[in-house]
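Step one of this worksheet: look at the structure below.
The values are calculated or read from the model by the stated rules, or taken from the named source; none is laboratory data. Keep in mind that this is a model prediction, so the values were computed, not measured. Cβ coordinates were reconstructed from backbone atoms using ideal geometry, including for glycine residues, and neighbour counts include every protein chain displayed.
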Amino acid sequence: MNGFFELASRRESCRNFHNRPVEKEKLTACMEAARLAPSACNSQPWTAHIIRNPKLAAEVAATTQAMGMNRFTSQCPAFIVITEDKALLTATVAGKFKSQDFAAIDIGIMAAHIVLMATELGLGSCILGWFDESRIKDLLKIERTRRVRLVIAVGYSADDRLRPKVRKPLEKTSMFID
């Protein structure tokens, strides 16, 4: 149990990337971890678009920086852009019946797998929800009907010091019912 807690405590949102390129093998390992993530009815309603090309990475970074946000992405050498696919019919019907957006939940789980694997491999990461979806679609030639759900910045951290984690206490986030 200590191994996972140690990994979870090391994982943080990196906002200071070194411009060193990320090896394709490490990004592939992150995607293997994502592929193993659970999803409703094993639907896996996502596609990951992995960007390592420096020019394209700079353009993707720019799509995350409107209104002064996410300026740190300019130094990031790689991005994983996650689009939502159509879920399996069983997951879609179940989601409508139970008023749940299973695809969004599934994408969140797979993103957690990606960033935890990145940490395990010595990489930093930051999950971004602030981006210009239309510009990303144009850059990556993604169909207009698809949704870009997340952009994950991935690279080597320029600073190895971990920041203290400020989190709510367990009593504020969990309720045990015996």
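A few remarks follow.
- Residues (polar (S, T, N, Q), farther than 20 Å from Leu128 by Cα and surrounded by 12 or more Cβ atoms within 10 Å (Cβ to Cβ)) located in region 1-43: Ser39, Ser43
- Within region 124-166, the set of residues being polar (S, T, N, Q) and assigned to a loop (DSSP other than H, G, I, E, B) comprises just one member, Thr145.
- Looking only at region 62-76, residues that are in a helix (DSSP H, G or I) and surrounded by 24 or more Cβ atoms within 10 Å (Cβ to Cβ) come to 2 in all.
- Set Arg161, Arg167: member being out of contact with any Lys or Arg (no Cβ under 7 Å at 6 or more places or on another chain), farther than 21 Å from Ala111 by Cβ and among the charged types (D, E, K, R): Arg161
- Of the residues making up region 36-59, those that are within 25 Å of Asp101 (Cβ to Cβ), at pLDDT 95 or above and among the aliphatic types (A, V, I, L, M) are Leu36, Ala37, Ala48, Ile50.
- Of the listed requirements (1) assigned to a helix (DSSP H, G or I); (2) under 17 Å from Gly129 (Cα atoms), Phe79 misses just one: (1).
- Only residues that are surrounded by 16 or more Cβ atoms within 10 Å (Cβ to Cβ) and either within 13 Å of the chain's Cα centre (by Cα) or of a type in the set (Phe, Trp, Tyr) (or both) were counted in region 124-144, giving 6.
- If the condition is being in contact (Cβ under 8 Å) with a residue 24 or more places away in the chain, surrounded by 19 or more Cβ atoms within 10 Å (Cβ to Cβ) and closer than 19 Å to Tyr156 by Cα, then region 44-60 contributes Ile51, Val60.
- Filter result for the condition that a residue is over 21 Å from Pro38 (Cβ atoms) and modelled with pLDDT of 95 or more, over Ile152, Ile136: Ile136
- Selection status of Ala104, at pLDDT 95 or above, under 16 Å from the mean Cα position of the chain (by Cα), under 26 Å from Asn42 (Cα atoms) and of a type in the set (Gly, Ala, Ser): no
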